[in-house]
Amino acid sequence: MNIEEQVELLMQGTEYGDEELKKAMTAELRQRLLDAQKEGRPLRVYCGFDPTSTDLHLGHTIPMRKLRQFQDLGHEVTFLIGSYTALVGDPSDKNKARPILTETQVAENAKTYTEQAFRVLDHDKTIVRYNGEWLSELSLLDLIRLGQNFTVQQFLARENFARRLDAGEPIFLHETFYALMQGYDAVALKTDIQVGGSDQLFNIIVAGRKLQEALGQKPLVGVITGILPGTDGVQRMSKSIGNIVPINSGANDMFGKVMSIPDAAMSKYMRLVSRWTPLEIESIEKDVTTGALHPRDAKMKLAHEIVSIFYGEADAGSGQEAFVKMFQQKEVPDEMPEHQLESGQTVLDVILAAKMAPSKTEARRLIDQKGVRLDGEVVERGDVGFPHPGVLQVGKRKFLRVK
């Protein structure tokens, strides 16, 4: 790729919330790439991941996909585990303070993060670091000096802090430390490029760049990725909402869940999750617009591409076959009743609410006999929260589209 093609690929799927800021970051990225080419050195690129849970979903992998693009272009990538920032908790996308994790919890979660990340990143080309290496060495005086580079007004202007302030909800002092800690990560790594989701805009563009400049480094270029919507196509992918595509649930499950996303969300998935170039995506979208490619077939290509990233071509093919068998060969009807999932509903609750079984006892019996399926996968338990939206099958002939 020439420099312009690289810039187009690396800026694909980015969101800054401000067109001028995006133009500025695009120009700076172009210049960094040109300088690196002239100097014959790779750019230093990193993204930090706070191990706040054990299992990752597709939304978590968006910045990893961007890191992989940098790797494929020959740049040095660091997968930074926030062993110290996770102890504070990132307030960026929350309307309340995150719960404080213990060091033991963070260490356990970190083990699974790297294992799952290498399904996207090139293991042999990835540097793994822990920010406790340098953050644990900072003294109280060091922290105060870092804080001298910011005003309280800058923090209060952040959307989530401003919203909480207006609502009279507490903003804890420790929450402001998070941006300082993440900004110092950029300094410690002497990074050229930092990748992160749009919820990290303040931490990267304000904190990281400002601290690097204050400490004599060239300010980083922030590559800010968009947020992936969940299977509902509207709200961000989230376990609490139940609209996730897990990356550890098997190829068939992943294929089915990607096929369940609304057509309107396909463009975002192509730009954020696939390995396709901007030209390839443009070609697919053009074919859909002109009618040369049916939206269902475009989504099938997308599901195959995404599943193959995590499970390989063979399993992606198997996932497609299973989906075609179930949905396209009429084993599942085109028309069926619908049910709007309510917060906290279990599988049993949905079966009874939709009158798919006459009693809870009968519903439990069907589950025990492997007679209940969700998107083709056997439902093992009925007393747990409903796993995700999809097609619920009870017995051989009862179907329900759960939304």
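The values are calculated or read from the model by the stated rules, or taken from the named source; none is laboratory data. As the structure is a prediction and not an experimental result, all values here were calculated from the model. Because the Cβ atoms are built from the backbone with ideal geometry, glycine has one as well, and the counts that use them run over all protein chains shown. Side chains included, ligands, DNA and RNA excluded: accessible areas come from the protein's heavy atoms. Shrake-Rupley method; radii C 1.70, N 1.55, O 1.52, S 1.80 Å.
Only one of these conditions is not met by GLU342: (1) part of a helix (DSSP H, G or I); (2) within 19 Å of ILE244 (Cβ to Cβ); (3) of a type in the set (Asp, Glu). Which number is it?
(1)
Evaluate the following for LYS38: is it surrounded by fewer than 14 Cβ atoms within 10 Å (Cβ to Cβ) and assigned to a helix (DSSP H, G or I)?
On the way: surrounded by fewer than 14 Cβ atoms within 10 Å (Cβ to Cβ): yes; assigned to a helix (DSSP H, G or I): yes.
It is true that LYS38 is surrounded by fewer than 14 Cβ atoms within 10 Å (Cβ to Cβ) and assigned to a helix (DSSP H, G or I).
Let me spell it out: the conditions are (1) open to solvent by less than 20 Å² (accessible area, probe 1.4 Å); (2) touching a Gly at 6+ places or on another chain (Cβ under 6 Å), and GLY395 meets all of them except one. Which number is the exception?
Result: GLY395 fails condition (1) only.
Looking for whichever is surrounded by 14 or more Cβ atoms within 10 Å (Cβ to Cβ) and more than 26 Å from VAL234 (Cβ to Cβ) here; the options are GLY390, GLY376, GLY382. Which one fits?
Values: GLY390 fails: more than 26 Å from VAL234 (Cβ to Cβ); GLY376 fails: more than 26 Å from VAL234 (Cβ to Cβ).
Result: GLY382 is the single residue among GLY390, GLY376, GLY382 that is surrounded by 14 or more Cβ atoms within 10 Å (Cβ to Cβ) and more than 26 Å from VAL234 (Cβ to Cβ).
Examine the stretch 54-68 for a residue that is modelled with pLDDT of 75 or more, open to solvent by 60 Å² or more (accessible area, probe 1.4 Å) and of a type in the set (Asp, Glu), and state whether such a residue exists.
No, the stretch 54-68 contains no residue that is modelled with pLDDT of 75 or more, open to solvent by 60 Å² or more (accessible area, probe 1.4 Å) and of a type in the set (Asp, Glu).
Quick check on my filter: what residues within the stretch 175-201 are part of a helix (DSSP H, G or I) and among the small types (Gly, Ala, Ser)? Show your work before the answer.
Going residue by residue through the stretch 175-201, those that are part of a helix (DSSP H, G or I) are 175-189, 198-201.
Matches in the stretch 175-201: ALA179, GLY183, ALA186, ALA188, SER198.
Where in the stretch 237-304 are there helices (runs of 4 or more DSSP H), lying wholly inside it, with at least 2 residues that are exposed (fewer than 15 other Cβ atoms within 10 Å of the Cβ)?
Output list reads 278-290.
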